Amino acid sequence: MVDLRVNLAGVEMANPLLTASGTCGYADEYADLLDLRALGAFTTKSITLASRIGNEYPRVVETRAGMLNAIGLANIGLDRFVADKAPLLEKLGIPVFVNVAGVTVEDYVAVASRLEQVEAVRGIELNISCPNVKAGGIQFGTDPVQVCKVVSAVRNVCRKNVLIVKLSPNVTDIAVTARAAVEAGAQILSMINTFTAMAIDIETRKPILANNTGGLSGPAIRPIAVQMVHRVYSQVAKAAGVPIIGMGGIQFAHDAIEFLLAGASAVAVGTALFVDPGGVLAIKDGIAEYLTRHGHSRVSDIVGTLELNGRA
Amino acid sequence: MWRWPPTCNRFDGAWPKAYHALCMGSQRSTIARRGVFSAKVLENNQLCLDHYQLVLQLEAFPPCRAGQFVTVRCGQVEPIQAPREIQWQAGQLPELYGPELTGRQPLLRRPFSLAGRRDVGGKVELEIIHHVIGVGTAFLAEARRGDEIELLGPLGNGFDILPTGRAVVVGGGVGIPPMLYLAQQLTEAGKQVVAFAGARTRAVLPLTIGSAQPPSTAGWPGMCTAEFAARATPTVVATDDGSLGVAGFVSQALEQWLDREQPATDDLAVYACGPAPMMRAIATIALGRGYRCQVALERHMGCGLGTCQSCVVKVKSGDPADGGARPSVSAHPTGNAAQLTGNSVQPAWQYKLACKDGPVFDAADLVW
Ligand SMILES: Cc1cc2nc3c(=O)[nH]c(=O)nc-3n(C[C@H](O)[C@H](O)[C@H](O)COP(=O)(O)OP(=O)(O)OC[C@H]3O[C@@H](n4cnc5c(N)ncnc54)[C@H](O)[C@@H]3O)c2cc1C
Ligand SMILES: Cc1cc2nc3c(=O)[nH]c(=O)nc-3n(C[C@H](O)[C@H](O)[C@H](O)COP(=O)(O)O)c2cc1C
Ligand code: FES
């Protein structure tokens with residue numbers, strides 16, 4: 001019998017399967033279609049200090065084996081989250097991570113401090129793929145100096161909550177920002193967020209999304225995400241002992257196992273939840289089956305066990 | 001060709017009582033029960049050049065009503081099996097695996113309105129009529145009797161049956177299917193219904209034109225389409241190019257009819273589904289003359305389940321949203337931050353979600 005339990009920086013999870021932020025709302029939306037208790041942990045949609053209405057329509061477009069989204073972080077805001085959603089999450093019975101977004105370091109710190117007082121929350125996931133208005137709109141997540149600033153500021157206010165930093169893939173070398181995050185105190189890395197991308201209506205010569213660009217997710221990005229997880233695992237996370245939550249295009253157990261072998265300790269499903277909300281639980285069974293077939297008893301036995309081909 | 005119901009011209013009113021109460025109640029609320037269902041293809045009929053009608057059989061399906069929709073997984077999405085040995089023999093190609101490799105697979109589910117429902121012999125028959133425009137609908141067009149199709153639904157809020165004696169249902173092109181279902185439910189509820197069906201040209205009108213009674217070019221309602229006739233609903237057909245029925249937009253045909261009939265404002269309700277400009281024209285006409293008007297909107301959807309916030313519809317503010325976020329004053333200037341736009345002060349409207357709060361909205365509430 002295999003043991004699917006994983007321990008991420010002290011957070012005990014019954015299995016390595018999580019939801020990716022923004023694809024499962026605040027848990028109540030899917031309650032009837034997906035038994036959330038069967039997941040290892042739950043990650044909420046990004047929360048910002050003030051509520052946000054988000055971008056103009058259209059906000060999503062499907063592309064080959066993927067989709068672009070430019071929701072614009074539409075969310076109910078911190079106050080309503082704490083008042084309306086936190087009580088529901090408390091009943092969930094699995095660890096809850098709240099994804100936090102902002103446009104200044106103070107934003108992140110304010111939200112993180114408040115979430116320290118919310119019992120239902122076990123950890124916060126910093127969405128650093130946001131532009132820093134005080135640093136001229138440059139994305140926090142693309143500049144190691146900004147990453148360091150925001151992560152260490154938030155780390156200072158985290159006592160109860162474990163700090164997850166969600167890396168942006170829109171960088172030249174993701175190991176650089178990963179290292180900055182780890183050095184600034186990230187306890188878990190989650191990777192990756194969506195790739196900035198564009199789809200064009202060639203008849204009107206305009207981008208399809210109202211926001212012009214959007215984030216690419218889904219199976220199309222999986223091979224890149226796997227490579228990035230492997231890079232960060234081997235160059236930063238393994239030595240630092242920081243676990244990785246791998247994500248990007250996971251749809252089936254096969255995909256999740258790729259991430260585990262590449263160095264992720266847990267995996268999150270995003271876009272696949274839209275396609276088959278209940279079906280994602282089969283990923284757990286597939287992982288268990290794989291472990292059995294390969295004579296392993298725990299998930300951690302295979303994490304990072306990728307065997308690279310020798311290079312000339 | 002499938003008929004509604006198969007043998008008689010008039011629906012015989014055999015809806016289960018409880019179902020009837022649920023669907024016909026004017027109380028507007030999302031029917032809680034929804035789920036993933038496997039459906040067997042009973043029929044796949046080509047209705048016109050590019051519209052197909054699927055008749056699906058399900059072991060069971062929650063109560064539903066016109067205006068609600070289902071999302072369909074339009075493809076054989078098979079999980080990658082545990083890594084298998086690549087079968088390789090001299091002279092043969094290796095067997096590759098992975099859904100990415102098997103051609104363009106639709107990723108997201110495709111939303112389709114229910115065009116009809118029949119509860120027969122303990123099973124449920126659902127009807128979907130779709131317009132082939134891309135990879136997902138092309139897949140559905142090739143469905144064969146006996147194929148299994150996976151549905152998620154029923155989703156969203158359907159049309160309210162408003163307390164009027166008469167009703168007009170207006171469908172433009174691919175907006176016609178939900179109007180067939182609605183005509184069914186309205187006649188069932190004892191309303192006197194007239195349908196208006198519009199298309200660019202005769203070849204793309206997804207209705208079967210009877211030879212006995214062709215559509216009137218002067219806009220007189222008649223039993224001219226098999227589908228609406230089977231729902232005891234006289235119909236006016238309009239085509240933009242005049243190839244069938246009234247020449248012109250369906251909104252013009254409606255206006256003409258209203259001028260002639262002059263229904264009392266509290267005795268007529270107008271229901272519409274179709275391209276945005278059509279619905280807007282219908283809403284302007286109906287509201288301008290004092291009639292209640294409901295429209296079913298189409299939005300590009302990520303999830304169809306109220307999660308991803310992609311299917312936003314601008315609705316006049318007033319009642320607080322129970323779902324999506326409300327417009328609010330930004331805590332920070334957004335500058336040129338592309339990803340963080342949209343935080344302006346907009347007290348006049350709020351976003352609602354087509355998949356959860358709609359797709360049917362009161363036309364008077366919409367910011368067009
Ligand atoms: C509530 C609702 C009810 C609908 N009812 C019907 C119906 O009864 N009959 C019918 O023929 N069509 C209906 N549509 C439109 C239908 O969903 C699209 O035509 C269909 O998704 C196209 O898929 P495709 O793969 O063939 O096209 P593609 O162009 O290949 O699709 C690419 C992507 O765009 C999305 N998309 C394309 N066109 C539309 C559209 N008009 N609306 C929303 N998403 C779109 C697809 O879902 C997919 O994600 C409805 C849409 C909504 C939102
Ligand atoms: C519609 C949508 C909304 C998302 N919203 C957020 C968000 O609010 N915060 C965040 O950190 N990531 C968000 N993401 C990114 C996902 O959490 C995930 O990192 C990404 O989609 C890759 O995984 P996937 O391919 O399995 O979807 C969103 C993705 C999608 C598709
Ligand atoms: S389609 Fe996802 S919220 Fe409506």
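The values are calculated or read from the model by the stated rules, or taken from the named source; none is laboratory data. Just so it is clear, the model here is predicted, and its values are computed rather than measured. Quick reminder, even Gly has a Cβ in these numbers, built from the backbone with ideal geometry, and neighbours come from all protein chains shown.
Among the residues of segment A:110-139 satisfying the criterion of being crowded, with 20+ Cβ neighbours inside 10 Å and in a helix (DSSP H, G or I), which is nearest to the other protein chains (Cβ to nearest Cβ)? Result: A:111. Does at least one position in segment A:31-54 carry a residue that is surrounded by 24 or more Cβ atoms within 10 Å (Cβ to Cβ), free of Cβ contacts under 8 Å to residues at least 40 places away in the same chain and in contact with a Phe, Trp or Tyr (Cβ under 6 Å, 6 or more places away or on another chain)? Checked segment A:31-54: at least one residue is surrounded by 24 or more Cβ atoms within 10 Å (Cβ to Cβ), free of Cβ contacts under 8 Å to residues at least 40 places away in the same chain and in contact with a Phe, Trp or Tyr (Cβ under 6 Å, 6 or more places away or on another chain). Considering only residues that are out of contact with any Pro (no Cβ under 9 Å at 6 or more places or on another chain) and within 11 Å of chain B (Cβ to nearest Cβ), which ones fall in segment A:13-31? Of everything in segment A:13-31, those that are out of contact with any Pro (no Cβ under 9 Å at 6 or more places or on another chain) and within 11 Å of chain B (Cβ to nearest Cβ) turn out to be A:19, A:22, A:23, A:25, A:26, A:27, A:28, A:29, A:31.
Residues in segment B:301-319 that are within 22 Å of residue A:278 (Cα to Cα), of a type outside the set (Ser, Thr, Tyr) and within 7 Å of chain A (Cβ to nearest Cβ) were compared, and the one that is farthest from ligand 1 (Cβ to nearest atom) is B:309.
For segment A:162-183, a tally of residues being surrounded by fewer than 20 Cβ atoms within 10 Å (Cβ to Cβ) and touching a strand residue (DSSP E or B) at 6+ places or on another chain (Cβ under 8 Å) returns 2. Checked against (1) out of contact with any helix residue (DSSP H, G or I) (no Cβ under 8 Å at 6 or more places or on another chain); (2) within 16 Å of ligand 1 (Cβ to nearest atom), residue B:260 passes all but a single condition, namely (2). The one condition from (1) of a type outside the set (Phe, Trp, Tyr); (2) within 12 Å of another protein chain (Cβ to nearest Cβ); (3) crowded, with 24+ Cβ neighbours inside 10 Å; (4) under 15 Å from the mean Cα position of the chain (by Cα) that residue A:68 does not meet is (4). Scan segment B:130-144 and give yes if some residue there is in a loop (DSSP other than H, G, I, E, B), away from ligand 2 (no atom under 16 Å from the Cβ), farther than 19 Å from residue B:186 by Cα and touching a Lys or Arg at 6+ places or on another chain (Cβ under 8 Å), otherwise no. Scanning segment B:130-144, I find no residue that is in a loop (DSSP other than H, G, I, E, B), away from ligand 2 (no atom under 16 Å from the Cβ), farther than 19 Å from residue B:186 by Cα and touching a Lys or Arg at 6+ places or on another chain (Cβ under 8 Å), so the answer is no. Please work out if residue B:79 is part of a loop (DSSP other than H, G, I, E, B), surrounded by 13 or more Cβ atoms within 10 Å (Cβ to Cβ), within 14 Å of chain A (Cβ to nearest Cβ) and at pLDDT 90 or above. Here the answer is no, as residue B:79 does not meet what is asked. Is segment B:255-267 home to any residue that is buried (at least 24 other Cβ atoms within 10 Å of the Cβ) and on the phi < 0 side of the Ramachandran plot? No: segment B:255-267 contains no residue that is buried (at least 24 other Cβ atoms within 10 Å of the Cβ) and on the phi < 0 side of the Ramachandran plot. Looking only at residues in segment A:85-109 that are charged (D, E, K, R) and within 13 Å of chain B (Cβ to nearest Cβ), the one that is farthest from residue A:245 (Cα to Cα) is A:106. On the stretch given as segment A:56-65, residues that are at the interface with chain B (Cβ under 7 Å from one of its Cβ atoms) and of a type in the set (Val, Ile, Thr) total 2.
Could you check, for segment B:264-271, whether at least one of its residues is within 16 Å of ligand 3 (Cβ to nearest atom), within 22 Å of residue B:359 (Cβ to Cβ) and out of contact with any Gly (no Cβ under 9 Å at 6 or more places or on another chain)? No: segment B:264-271 contains no residue that is within 16 Å of ligand 3 (Cβ to nearest atom), within 22 Å of residue B:359 (Cβ to Cβ) and out of contact with any Gly (no Cβ under 9 Å at 6 or more places or on another chain). Within segment B:291-298, one or more residues are among the charged types (D, E, K, R), more than 16 Å from ligand 2 (Cβ to nearest atom), over 16 Å from the mean Cα position of the chain (by Cα) and buried (at least 18 other Cβ atoms within 10 Å of the Cβ).
Does residue B:60 qualify as being at pLDDT 80 or above and not in a strand (DSSP E or B)? It is true that residue B:60 is at pLDDT 80 or above and not in a strand (DSSP E or B).
Residues in segment A:71-96 that are within 9 Å of ligand 2 (Cβ to nearest atom) and at negative phi: A:71, A:74, A:75.
Can you tell me which residue in segment B:204-250 is surrounded by the fewest Cβ atoms within 10 Å (Cβ to Cβ), limited to those that are out of contact with any strand residue (DSSP E or B) (no Cβ under 8 Å at 6 or more places or on another chain) and among the hydroxyl-bearing types (Ser, Thr, Tyr)? Checking each candidate, the answer is B:211.
Here residue A:259 does not fit the description of being on the phi < 0 side of the Ramachandran plot and within 16 Å of ligand 1 (Cβ to nearest atom).
Quick check, is residue B:175 part of a strand (DSSP E or B), away from chain A (no Cβ under 14 Å) and either within 16 Å of ligand 1 (Cβ to nearest atom) or more than 21 Å from residue B:65 (Cβ to Cβ) (or both)? For residue B:175, the condition - part of a strand (DSSP E or B), away from chain A (no Cβ under 14 Å) and either within 16 Å of ligand 1 (Cβ to nearest atom) or more than 21 Å from residue B:65 (Cβ to Cβ) (or both) - is not met. In segment A:270-308, the qualifying residues are those that are within 11 Å of chain B (Cβ to nearest Cβ) and among the small types (Gly, Ala, Ser), and the one that is surrounded by the most Cβ atoms within 10 Å (Cβ to Cβ) is A:270. The condition (being within 16 Å of ligand 1 (Cβ to nearest atom) and among the hydroxyl-bearing types (Ser, Thr, Tyr)) is satisfied by just one residue among A:172, A:177, A:213, A:204: A:204. Note on segment B:213-294: enclosed helices (runs of 4 or more DSSP H) holding 3 or more residues that are among the charged types (D, E, K, R) are B:250-261. Within segment A:34-55, the residues that satisfy the criterion of being within 7 Å of chain B (Cβ to nearest Cβ) and either assigned to a loop (DSSP other than H, G, I, E, B) or hydrophobic (A, V, I, L, M, F, W, C) (or both) are A:49, A:50, A:51, A:53, A:54, A:55. Scan segment A:103-139 for residues that are touching a helix residue (DSSP H, G or I) at 6+ places or on another chain (Cβ under 7 Å) and either within 16 Å of ligand 1 (Cβ to nearest atom) or under 25 Å from residue A:10 (Cβ atoms) (or both) and the total you get is 14. Check segment A:74-93 and report whether any residue there is assigned to a loop (DSSP other than H, G, I, E, B) and within 16 Å of ligand 3 (Cβ to nearest atom). Looking for residues that are assigned to a loop (DSSP other than H, G, I, E, B) and within 16 Å of ligand 3 (Cβ to nearest atom), one finds at least one in segment A:74-93, hence yes. Of all residues in segment B:82-115, those satisfying the criterion of being away from chain A (no Cβ under 14 Å) and modelled with pLDDT of 95 or more are B:112, B:113, B:114, B:115.
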